[in-house]
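What follows is one structure encoded as structure tokens, with my remarks underneath.
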Amino acid sequence: FATLSPMPGLRAWVGRNAAGLTASLPARQQQALAKELGVTGELAAAQLLAALDGVTQLNERSAVARWLLRAAARYLGATQGDAGRLVDAVARFHLGNGARVERLNWLADPSPKGLKQSWGLMVNYLYDPKRLDKHRALLARGKVPFSSAVETLQD
């Protein structure tokens, strides 16, 4: 079975990490973002964050939307502290129970709360009874189990 789950800390995490997330993009993707935002010169993280305020007007295939989906995928694998604890409590719960990150859903929660927490993004966690132990073992080794579609978003 699969869940449709929130990412309650996504927006705050992206706000803290936007500069690094933007700087780590290949030059081609940075140029596409700058063009879409009408920026001449170097793209600033603040410009991206400002564009996300209009997330409900964005096309899911836009460069800004792709940037946000990439950031969300990275957020779900982000850890903190020496123990490598996942930043997102919901991810910690589902992944700790053997699920894998299956899919990111664009504007799945357009409520005011959903927009405030995660720009409306939600995540599906897939529970495959035959793979629960495998996924738990991966997580114990510090590797978050992602579907190939979500793994690709991180590149």
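Where a number appears in this text, it was derived from the coordinates with a stated rule and is not lab data. These numbers come from a predicted model, not from an experiment. So basically every Cβ, Gly included, is an ideal-geometry build from the backbone, and we count neighbours across all protein chains shown.
General observations
- Note on the chain: Cα-only Rg and Dmax are 15.7, 51 Å.
- Length added when fully stretched, residue 92-residue 62, from 0.36 nm per residue minus Cα-Cα: 7.8 nm
- Using C-alpha pairs below 8 Å separated by at least 6 residues, the relative contact order for the chain is 30 percent.
- Efficiency of FRET from Cβ geometry, residue 40 and residue 4, R₀ 30 Å, rounded to 0.05: 0.15
- Given +1 at the Cβ of Lys and Arg, -1 at the Cβ of Asp and Glu and no other charges, the dipole of the chain around its Cα centre is 360 debye to the nearest 20.
- Loop GluC sites (Glu not before Pro), the range 1-97, which have at most 13 other Cβ atoms in a 10 Å radius of their Cβ (DSSP): 42, 60
- R0 of 30 Å, Cβ-Cβ distance residue 53-residue 154: FRET efficiency to nearest 0.05: 0.80
- Structure remark: mean-square fluctuation, Gaussian network model of the chain, C-alpha springs under 10 Å; the largest value among 41, 15, 114 belongs to 41.
- Note on residue 19 and residue 128: their simple-model spin labels are 4.0 nm apart, each label 7 Å out from Cα toward Cβ.
- Extension gain (nm, one decimal) between residue 147 and residue 82, 0.36 nm per residue minus Cα-Cα: 20.8 nm
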